[in-house]
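The values are calculated or read from the model by the stated rules, or taken from the named source; none is laboratory data. All figures in this text were calculated on a predicted structure; none of them were measured in a lab. Glycine also receives a Cβ, built like all others from the backbone with ideal geometry; neighbour counts cover every protein chain displayed.
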Amino acid sequence: MKNKRGLGDILSPEVLTMVLAVFGIALLLVLGIGLFGIFSEKQKTEQAKASLAEMGEIVDMVSIENAKSFLMFNPSDWFLLSFEEGNPVYGCNYKTCICLCEKGDCKGNYACQETKRFVLLRDSSGTENRMLSEKLPAEFSIKLEGEDVYAYNADVAVKKTVDWDLWVTRVYWYSLTTTLFYKFDGEWKWSPDLKNWMSTDILEVSGGNFNGQAPADKNQEFIKELNAIKKDKSAGKTLFDEKGAVSSSTVIAEVKK
């Protein structure tokens with residue numbers, strides 16, 4: 001026998017209502033998941049800003065006499081980085097700053113906090129890094145290394161005259177070389193870690209985790225330039241002024257074992 005039911009019978013009001021209800025529920029679930037993801041990402045970014053602000057306050061206030069302990073919990077599994085004066089990182093405004101990134105390449109959510117002092121990061125093995133390999137949470141020992149030290153990187157000394165968009169800036173972060181430190185102690189000296197100091201007539205690190213390594217080419221050029229006036233403190237300060245480097249205290253933030 002023929003099926004005499006038409007399309008109108010198949011799509012009866014009850015069936016049509018049920019189909020629309022299922023579709024509506026599915027749509028709400030998709031939107032809900034999307035909104036939850038957006039809220040979760042925003043919440044993590046706010047957590048990062050709060051953690052950086054708290055750490056930044058300690059960095060700016062810690063004294064040589066009193067080291068501070070700081071436990072950074074959130075956001076879990078994010079990476080901590082540090083940048084020197086003159087860096088082109090979006091959000092740092094060419095100032096010394098600390099940042100938290102969700103991913104190791106910093107392509108994604110991140111937050112930054114300007115600091116009055118440069119922060120040298122050390123992992124639990126004592127190795128100095130721009131970005132710590134150990135993810136949060138982590139407990140830090142924060143101490144002031146000393147006054148009148150220049151943290152300077154010739155590779156990022158020239159301020160950009162264009163507005164870098166976020167993507168370009170993030171890619172550029174990892175073209176940055178190791179920051180070097182300079183101080184006058186009878187003559188100008190340089191160091192990659194504030195522990196092993198070399199005369200400016202030496203272009204290879206002696207001791208520590210950087211033993212046997214040479215600075216980047218532009219940093220070598222600057223060391224040679226400083227070597228020409230190695231005994232002249234005033235002339236050296238003038239050179240740093242010309243390069244836009246600022247003498248300040250440096251803080252070490254080391255992950256506790």
Notebook entry, point to check: Within the stretch 169-186, restricting attention to residues that are surrounded by 13 or more Cβ atoms within 10 Å (Cβ to Cβ) and out of contact with any strand residue (DSSP E or B) (no Cβ under 9 Å at 6 or more places or on another chain), which residue is modelled with the highest pLDDT?
Noted result: 177
Check: If we scan the stretch 187-208, do we find a residue that is assigned to a strand (DSSP E or B), touching a Gly at 6+ places or on another chain (Cβ under 6 Å), at pLDDT 90 or above and polar (S, T, N, Q)?
Finding: no
Checklist line | Residues located in the stretch 100-120, provided they are touching a Ser or Thr at 6+ places or on another chain (Cβ under 8 Å), closer than 15 Å to residue 60 by Cα and surrounded by 18 or more Cβ atoms within 10 Å (Cβ to Cβ) | finding: 115, 117, 118, 119, 120
Item checked: Residue identified as modelled with pLDDT under 90 and out of contact with any helix residue (DSSP H, G or I) (no Cβ under 9 Å at 6 or more places or on another chain) among 134, 57, 84, 65 -> 65
Margin query: What's the total number of residues in the stretch 213-242 that are basic (Lys, Arg), surrounded by fewer than 16 Cβ atoms within 10 Å (Cβ to Cβ) and more than 30 Å from residue 79 (Cα to Cα)?
Written below: 3
Checklist line | Total residues in the stretch 199-257, condition more than 26 Å from the chain's Cα centre (by Cα) and among the hydroxyl-bearing types (Ser, Thr, Tyr) | finding: 5
Item checked: Condition broken by residue 147, with the remaining ones in (1) modelled with pLDDT of 90 or more; (2) charged (D, E, K, R); (3) within 30 Å of residue 224 (Cβ to Cβ) satisfied -> (1)
Item checked: Filter result (exposed (fewer than 15 other Cβ atoms within 10 Å of the Cβ) and of a type in the set (S, T, N, Q)) within the stretch 200-212 -> 206, 211
Notebook entry, point to check: Quick check: is even one residue across the stretch 104-124 at pLDDT 90 or above and touching a Pro at 6+ places or on another chain (Cβ under 6 Å)?
Noted result: no
Item checked: Within the stretch 209-236, tally of residues that are assigned to a helix (DSSP H, G or I), touching a residue at least 24 places away in the same chain (Cβ under 8 Å) and of a type outside the set (S, T, N, Q) -> 8
